[in-house]
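J.: Below is one structure. I have some questions about it.
The values are calculated or read from the model by the stated rules, or taken from the named source; none is laboratory data. Quick caveat: nothing in here was measured; it's all calculated off a predicted structure. Cβ placement follows ideal geometry from the backbone for every residue including glycine, while neighbour counts extend to all protein chains displayed. Only protein heavy atoms, including side chains, enter the accessible area calculation; ligands, DNA and RNA are left aside. Shrake-Rupley method; radii C 1.70, N 1.55, O 1.52, S 1.80 Å.
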Amino acid sequence: MKDKFRKFMTGRYGVDQLSNGLNVLFFILVILGILTRNNIILFLSLVPMIYNYFRMFSKNFSKRYNENRIYTNMMSPVYNFVDKIKYKFQKNKKRDKKKYKYYHCKNCGQELRIPRGKGKVTITCPICKHSFDGRS
Ligand SMILES: [Zn+2]
């Protein structure tokens, strides 16, 4: 069975970034359709799904490749935006980890930053005023 499937898939395009986008679109439409009880939206969700399968099993590589290129070009501002946020987040964490220790408030979950090297301290959450002991 597995061999048969592999044989079937050889020479076929498979998945790429556009497939992921179509999957996301499919799920959004399904959820939207269920939430609004709208059968038209549910029916429309089949379009990205069928198109996704059509692309996966397609043998026309250059055409599929071009579609994906158009899609990634279109989405590049979104990708860049996400990358920027990720980069900023990672950079901040790395820089601050040497100077600060991070705790999560046990009461409300707020992230708290404590300066390192001060021994045992009582930490008071600025949001909910809950206080607990911790090591800096
Ligand atoms: Zn708190």
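J.: Scan the range 65-85 and give yes if some residue there is under 30 Å from residue 116 (Cβ atoms) and open to solvent by 100 Å² or more (accessible area, probe 1.4 Å), otherwise no.
T.: Yes: the range 65-85 contains one or more residues that are under 30 Å from residue 116 (Cβ atoms) and open to solvent by 100 Å² or more (accessible area, probe 1.4 Å).
J.: Pairs please, first residue from the range 11-22 and open to solvent by 40 Å² or more (accessible area, probe 1.4 Å), second anywhere and not in a helix (DSSP H, G or I), Cβ atoms under 7 Å, 6+ apart in sequence or on different chains.
T.: Going by the 7 Å Cβ cut-off, the qualifying pairs are 11/59; 12/57; 12/58; 12/59; 13/58.
J.: Also, I was wondering about something else. Please work out which one of (1) open to solvent by 100 Å² or more (accessible area, probe 1.4 Å); (2) within 16 Å of the ligand (Cβ to nearest atom); (3) in contact (Cβ under 8 Å) with a residue 12 or more places away in the chain is the condition residue 104 fails and give its number.
T.: So residue 104 meets the others, but not (3).
J.: To continue, here is another question. Which of the residues spanning the range 85-112 are of a type in the set (Phe, Trp, Tyr) and either over 21 Å from the mean Cα position of the chain (by Cα) or at pLDDT 85 or above (or both)?
T.: Passing the criteria: 100, 102, 103.
J.: Which residue, of 45, 58, is out of contact with any strand residue (DSSP E or B) (no Cβ under 7 Å at 6 or more places or on another chain), surrounded by 11 or more Cβ atoms within 10 Å (Cβ to Cβ) and in contact (Cβ under 8 Å) with a residue 24 or more places away in the chain?
T.: Result of the check over 45, 58: 58.
J.: Can you tell me which of 136, 131 is within 16 Å of the ligand (Cβ to nearest atom), surrounded by 10 or more Cβ atoms within 10 Å (Cβ to Cβ), over 29 Å from the mean Cα position of the chain (by Cα) and small (Gly, Ala, Ser)?
T.: Checking each option against the conditions leaves just 131.
J.: Looking at the range 80-136, which of its residues are touching a strand residue (DSSP E or B) at 6+ places or on another chain (Cβ under 7 Å) and of a type in the set (Phe, Trp, Tyr)?
T.: 100, 102, 103, 132 - these are the residues of the range 80-136 that are touching a strand residue (DSSP E or B) at 6+ places or on another chain (Cβ under 7 Å) and of a type in the set (Phe, Trp, Tyr).
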